[in-house]
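Rule-based calculations on the coordinates, nothing more; no lab input. Because the structure is a prediction, the values reported are computed rather than measured. Methodologically, a virtual Cβ is constructed for each residue, glycine included, from the backbone with ideal geometry; neighbour enumeration extends over all protein chains shown.
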Amino acid sequence: MIVVSEAVRSALADGRPVVAMESTIYSTLGLPVPHNAEALRRCKAAVEKGGAVPAVTAVVDGTWRVGLTADEEARVLLGTRKVAERDLAVAAAQSWDIGVTTVSASVALAARAGISVFATGGIGGVHRGVEVSGDVSADLDALAHHPVVTVCAGAKSFLDLARTLEHLETAGVPVLGWRSPDFPAFYVRSSGLPVPHVVETAAEVAAVLRHRSRPQTGVLLTVPIPEADELDRERHDAALSAALQAAATDGITGAAVTPYVLERVSRETDGGSVPANLALAENNARVAAEVAVALAAQPA
Ligand code: PSU
Ligand code: MN
């Protein structure tokens, strides 16, 4: 059912470091063309430079895939069908041509392939207005049910970040701040909310994964965007509220909300959000490689 590329398979067999990557962020649903291709190239290069093997996840020709060829990556860049964890079964059963995997589906495929570290941009979370919509990203459930370290720049502040953190606590997912006491808000370094724990080294992250009491639960490592790439706070807040307002006016709901808001934010910032997005994704890939290297070095 799952096909793991030769490069990824041999790395795993040798106990060499591997970093799984999602594909929604690199598709038309995550970043505008041609920045999506640049993001994929830079993130893979950051993983390789850090001494790990990149493993992009997706559905290709109805098959769950971990590690893609250049041709398959080119198809993913054009992908328009979003695959969350529950959709993996449908995409296989209906033999979807290309399905781009979100954090939840990617973490599930990484775990199946035996990969312990996964890099993304931002995770989904509890949406604002959840009392009415009930909209909670499946990413949170996946973090609780697969033994993978997810490396992210927090979550976008169009979500309800306080509730997102509460949800992760209830689900038993350790949340670790990479050299920072603040839960990051994607484009900006701080959401104003604290993370429960700060870590200084990749070895500490590896040790947390080793010591957790529920073997099936993951770990969330939050890495603030590099200072030089952070968006101006006021511009950020204005863009987000405009984007949220537009989503409400246009009656956008469900899985369409996140791609819609992402596109609106990029428009509202005259594309200014895009370089920030690339910079944080690349930085996360770099840190994820460090964690993968530390995991490979620790006793089994
Ligand atoms: N946040 C971003 N960029 C993204 C996503 C989230 O800043 O591309 C994508 C990720 O793939 C994430 C998904 O897993 O959106 C969450 O979608 P939803 O809110 O429908 O669960
Ligand atoms: Mn949702």
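If the requirement is being within 29 Å of Gly134 (Cβ to Cβ), away from ligand 2 (no atom under 16 Å from the Cβ), surrounded by fewer than 22 Cβ atoms within 10 Å (Cβ to Cβ) and of a type in the set (A, V, I, L, M, F, W, C), which of these qualifies: Ala246, Ala256, Ala228, Ala279?
Every option except Ala246 fails the conditions.
Cβ-Cβ distance below 6 Å, separation of 6 or more or different chains: which pairs start in the stretch 126-147 with a residue that is of a type in the set (S, T, N, Q) and end on one that is more than 9 Å from ligand 2 (Cβ to nearest atom) and outside any strand (DSSP E or B)?
Short answer, once both residue conditions are applied: Ser137/Gly125.
Give the stretch 240-263 a look and list any residue that's in contact (Cβ under 8 Å) with a residue 24 or more places away in the chain and part of a helix (DSSP H, G or I), or say none.
Leu240, Ala242, Ala243, Leu244, Gly254, Ala255, Val257, Thr258, Pro259, Val261, Leu262, Glu263
For Ala52, are the conditions met, namely being touching a Pro at 6+ places or on another chain (Cβ under 7 Å), of a type in the set (A, V, I, L, M, F, W, C) and over 24 Å from Leu262 (Cβ atoms)?
Criteria met by Ala52.
Tell me, yes or no, whether the stretch 183-194 has at least one residue that is within 16 Å of ligand 1 (Cβ to nearest atom) and of a type in the set (A, V, I, L, M).
yes
Working only within the stretch 78-97, note down all residues that are aliphatic (A, V, I, L, M) and either loosely packed, with under 15 Cβ neighbours inside 10 Å or touching a His at 6+ places or on another chain (Cβ under 7 Å) (or both).
Leu78, Ala89, Val90, Ala93
Would you mind telling me which numbered condition in (1) out of contact with any Asp or Glu (no Cβ under 7 Å at 6 or more places or on another chain); (2) over 13 Å from Ala20 (Cα atoms) Phe118 fails?
Single failed check for Phe118: (2).
The conditions are (1) more than 16 Å from the chain's Cα centre (by Cα); (2) within 14 Å of ligand 1 (Cβ to nearest atom); (3) within 18 Å of Ala288 (Cα to Cα); (4) not hydrophobic (A, V, I, L, M, F, W, C), and Gly218 fails exactly one of them. Which is it?
Answer for Gly218: the failing condition is (1).
Report yes if some residue within the stretch 120-140 is part of a helix (DSSP H, G or I), buried (at least 21 other Cβ atoms within 10 Å of the Cβ) and within 14 Å of the chain's Cα centre (by Cα); otherwise report no.
Scanning the stretch 120-140 turns up at least one residue that is part of a helix (DSSP H, G or I), buried (at least 21 other Cβ atoms within 10 Å of the Cβ) and within 14 Å of the chain's Cα centre (by Cα).
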